[in-house]
Protein chains: 2
Amino acid sequence: MKRNRLKLGIFGFGCVGTGLYKVLEETGSVEANIKKICIKHANKPRPIDAKYFTTHKDDLLNDPEINVIVELIDDAEAAFEIVSEAMRKGKDVVSANKKMIAEHLPELLELEKKYQVSFLYEASVCASIPIIRNLEEYYDNDLLTSVSGIFNGSTNYILTQMIDDNIPYPEALKEAQNKGFAETDPTLDVEGIDPKYKLCIILFHAFGLSTKPENIFNFGISRINDFDLNFATQRNYAIKLIASCKKNGNEISGLVAPSFIENKDPLAYVKYEYNGVVLESAFSENQLMIGKGAGDKPTGSAVLSDISALTYGYRYENKKYLHVDPSLKLESTGKYRVYVRYYDDFDSFDDFLSIEEKFISPQGNYFIGIITLDKIINSKWIKDNKINVIFCNQNIE
Amino acid sequence: MKRNRLKLGIFGFGCVGTGLYKVLEETGSVEANIKKICIKHANKPRPIDAKYFTTHKDDLLNDPEINVIVELIDDAEAAFEIVSEAMRKGKDVVSANKKMIAEHLPELLELEKKYQVSFLYEASVCASIPIIRNLEEYYDNDLLTSVSGIFNGSTNYILTQMIDDNIPYPEALKEAQNKGFAETDPTLDVEGIDPKYKLCIILFHAFGLSTKPENIFNFGISRINDFDLNFATQRNYAIKLIASCKKNGNEISGLVAPSFIENKDPLAYVKYEYNGVVLESAFSENQLMIGKGAGDKPTGSAVLSDISALTYGYRYENKKYLHVDPSLKLESTGKYRVYVRYYDDFDSFDDFLSIEEKFISPQGNYFIGIITLDKIINSKWIKDNKINVIFCNQNIE
């Protein structure tokens, strides 16, 4: 086996970059060295030798000696430009940018194929959990039936604080931001947009389905109030922001929504910034993978694994996408059991196939009913800030 | 990508075989069919058509149409004969026989290489947890530092019953046997021999170290009594039978022993027949993989994944073994913190580097001390049935 000696050009130099530098330059445990690092602000103090830095992206992209570009910047559109150009120049690419990947996967695959390069992005989904690699390598057949879990460390940190530590939402959010778990724009986390990007990437590697983020329903955690928390505590539930997708014949369901989780469910133990992924396949019990899903070290370790894999010329084979059943499609007709909390009159009971529980009190009202996803998506009440929805479990059929 | 159409010959037809038949013949979701099944007892009633069965192994081994042998029998030596012969006939092999693999790995690799076949055995370690595949594919570099966890579902079932459900050891063991989690010879489970076989396979795929089971220290759970359980309960510990290995430079430590686990440790949540594997690597937080480690369906699902991988011609690359540092060696000089419970006088305190706690009472005595593994291995008191040893945490250096 021939290992390739890698020369890296890195875009972005936050803590992930600093950690990478340490492992690559100081321990020498991977056959890769950093040649150049492209940064935005030339005058920021840096922990390593100034010779590494440039503010000109072409210093990396046009350097024939650099054979791998590691893209670690925040801006998805700028990242897309860099990554595309790198592939056009014949360089392999490692990226952690889930937004860019979820939005541009078909174009990126096209470039990867055309320029015969490798494009790896394990760090983009659940940081240190090797979920993409497992979907590619171990669950590489059509036996997989569903993938679900906690894909966002920031909201899980917030929800754990709210439920286990009785800390109100605004404070919990602030704490998550202080710890560096939250995205620059917290809306991406708390409204379930970040896990939706990840779900798109999962859908591709789990089932070969290529779909845009706008096709996936997401509902966040920002409306959760004391009434909802009380309900959860009384029934011994945790609340988790769950992303899930499921295959049923040629139909795929996928959504991101806060969900009540029974305390004995292993996902209930996945707390704070941890992520957890549950894989279900035919003839198999559930598998659970747990690891830190936010923070610099977990992200850095996934980036490092991708770099290490490039020394062996590893590529995602995308088998499932290449052999996808053309009739495979995303659907939103699945039935779900949902908890709806409201204060005023609720006039859309007709949207529901059945109502299982109803509770009215001066503190607030809720009901639990069965509804299809498309009814929720197309409803007016889902847009009403005074109404909250929490899924009671996943697809009930 | 060309998929190979597989024709399987199966040795052994218990519940795993029956489950495989169902998935392969009834759902058709893997490009593989069963041609023949070799069984021991011709007259046992079978749930499927008699045309599949034979009692002559050569009916499978000499059939040129059968290109994959699936070995699911109990007897390790008979399994070795079958698997070796299958490879010599140019057939790929899937096996779940950890004892055979742990004891014969070098010879099996030799045959695999010589006859250019593929030999897969994911089901042999932690059943449904894809640990070998992850060590081969994702942790395929030298960044991995340790692998540890609960590798035996039967003892974990027993220990969970003893601690969570207050069921005495003999009853708990019986229950595990009734549920089909225990090996035919329960000594293999309760004395930590079964997890030792698995640890040998892990050592090979994690660090490239080939070693025989007899080189690994194992200590079981059969001596755990109420006094020990009380100690654990008082300190809020779980007791788990932990197999672990760790790399430090060119030295590898490896052992199987009952260990106190703090209640907040994720492994404490791995209960009953579940297995859990913790992977630690440089620059990364711990990863935890959880899944059922005993029973027919979990084993069957791993066997099925291997069969599915063969349709793509998958092989373990054994990179770490092929490029192993020749100075890499197993050592037993690491220091450990251990709890020792004794009734009579204990006269070997000199074996310990230090004693941290000492407790004497009419109900029993214990002390906690620091000791190197070789001192334990070579001691007389470790063989004394009236003395029990539980590790307080893993290697302390």
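The values are calculated or read from the model by the stated rules, or taken from the named source; none is laboratory data. Just so it is clear, the structure is predicted and the values come from calculations on it, not from any experiment. Every residue, glycine as well, gets a Cβ built from its backbone with ideal geometry; the counts of neighbours run over all protein chains shown.
Take the conditions (1) buried (at least 21 other Cβ atoms within 10 Å of the Cβ); (2) in contact with an Asp or Glu (Cβ under 6 Å, 6 or more places away or on another chain); A:GLY192 misses just one of them, which is (2). Selection of segment B:211-241 for residues being of a type in the set (A, V, I, L, M, F, W, C) and either outside any strand (DSSP E or B) or out of contact with any Gly (no Cβ under 7 Å at 6 or more places or on another chain) (or both) yields B:ILE216, B:PHE217, B:PHE219, B:ILE221, B:ILE224, B:PHE227, B:LEU229, B:PHE231, B:ALA232, B:ALA238, B:ILE239. Got at least one residue in segment A:107-122 being of a type in the set (Gly, Ala, Ser) and assigned to a helix (DSSP H, G or I)? Checked segment A:107-122: no residue is of a type in the set (Gly, Ala, Ser) and assigned to a helix (DSSP H, G or I). Residue count for segment B:90-132 satisfying the condition of being under 19 Å from B:THR311 (Cα atoms) and touching a strand residue (DSSP E or B) at 6+ places or on another chain (Cβ under 9 Å): 16.
Are any of the residues in segment A:248-256 hydroxyl-bearing (Ser, Thr, Tyr) and at pLDDT 95 or above? Checked segment A:248-256: at least one residue is hydroxyl-bearing (Ser, Thr, Tyr) and at pLDDT 95 or above. Restricted to segment B:275-297, and to residues there that are more than 23 Å from A:SER305 (Cβ to Cβ) and modelled with pLDDT under 85, the residue that is surrounded by the most Cβ atoms within 10 Å (Cβ to Cβ) is B:GLY293. Checked against (1) charged (D, E, K, R); (2) surrounded by 19 or more Cβ atoms within 10 Å (Cβ to Cβ); (3) under 25 Å from the mean Cα position of the chain (by Cα), A:LYS383 passes all but a single condition, namely (2).
Here is a list: A:GLY276, A:GLY291, A:GLY313. Which entry is more than 10 Å from chain B (Cβ to nearest Cβ) and small (Gly, Ala, Ser)?
Answer to the selection: A:GLY313.
Taking the criterion of being in contact with a helix residue (DSSP H, G or I) (Cβ under 7 Å, 6 or more places away or on another chain) and farther than 14 Å from A:ASN152 by Cα, the residues of segment A:234-252 that qualify are A:ALA238, A:CYS245, A:LYS247, A:ILE252.
Do we have any residue at all in segment B:210-223 that's among the aliphatic types (A, V, I, L, M) and at pLDDT 95 or above? Within segment B:210-223, one or more residues are among the aliphatic types (A, V, I, L, M) and at pLDDT 95 or above. The helices (runs of 4 or more DSSP H) located wholly in segment B:1-91 that include 3 or more residues which are crowded, with 19+ Cβ neighbours inside 10 Å and more than 14 Å from chain A (Cβ to nearest Cβ) occupy B:76-88. Does A:LYS320 satisfy being more than 10 Å from chain B (Cβ to nearest Cβ), basic (Lys, Arg) and more than 21 Å from the chain's Cα centre (by Cα)? Considered against the rule, which asks whether it is more than 10 Å from chain B (Cβ to nearest Cβ), basic (Lys, Arg) and more than 21 Å from the chain's Cα centre (by Cα), A:LYS320 comes out as no. Taken over segment B:307-334, residues that are surrounded by fewer than 17 Cβ atoms within 10 Å (Cβ to Cβ), in contact with a Ser or Thr (Cβ under 9 Å, 6 or more places away or on another chain) and over 20 Å from B:LYS212 (Cβ atoms) amount to 2. Applying the condition of being out of contact with any Ser or Thr (no Cβ under 8 Å at 6 or more places or on another chain) and more than 9 Å from chain A (Cβ to nearest Cβ) to segment B:121-131 and asking which residue is farthest from A:LEU288 (Cα to Cα) yields B:VAL125.
Those residues that are crowded, with 24+ Cβ neighbours inside 10 Å and of a type in the set (Val, Ile, Thr), I need them from segment B:115-162; list them, please. Selection gives B:VAL125, B:ILE129, B:ILE131, B:ILE132, B:VAL147, B:ILE150, B:THR155, B:ILE158. Just checking, how many residues over segment B:125-151 are at pLDDT 95 or above and in a loop (DSSP other than H, G, I, E, B)? Within segment B:125-151, residues that are at pLDDT 95 or above and in a loop (DSSP other than H, G, I, E, B) number 2. A:GLY300 meets the stated requirement of being farther than 15 Å from B:GLU137 by Cβ, touching a Phe, Trp or Tyr at 6+ places or on another chain (Cβ under 9 Å), within 10 Å of another protein chain (Cβ to nearest Cβ) and buried (at least 24 other Cβ atoms within 10 Å of the Cβ).
Going through segment A:163-189 one residue at a time, which ones are of a type in the set (Val, Ile, Thr) and either under 19 Å from A:MET100 (Cα atoms) or surrounded by fewer than 13 Cβ atoms within 10 Å (Cβ to Cβ) (or both)? Once the filter is applied, which keeps residues that are of a type in the set (Val, Ile, Thr) and either under 19 Å from A:MET100 (Cα atoms) or surrounded by fewer than 13 Cβ atoms within 10 Å (Cβ to Cβ) (or both), segment A:163-189 yields A:THR184, A:THR187. Just one of the numbered conditions (1) within 14 Å of chain A (Cβ to nearest Cβ); (2) hydrophobic (A, V, I, L, M, F, W, C); (3) surrounded by fewer than 20 Cβ atoms within 10 Å (Cβ to Cβ); (4) farther than 26 Å from A:CYS126 by Cβ is not true of B:PHE352: (1). In summary, A:GLY208 fulfils each of the numbered conditions (1) out of contact with any strand residue (DSSP E or B) (no Cβ under 6 Å at 6 or more places or on another chain); (2) over 30 Å from A:ASN318 (Cα atoms); (3) not hydroxyl-bearing (Ser, Thr, Tyr) with the single exception of condition (2).
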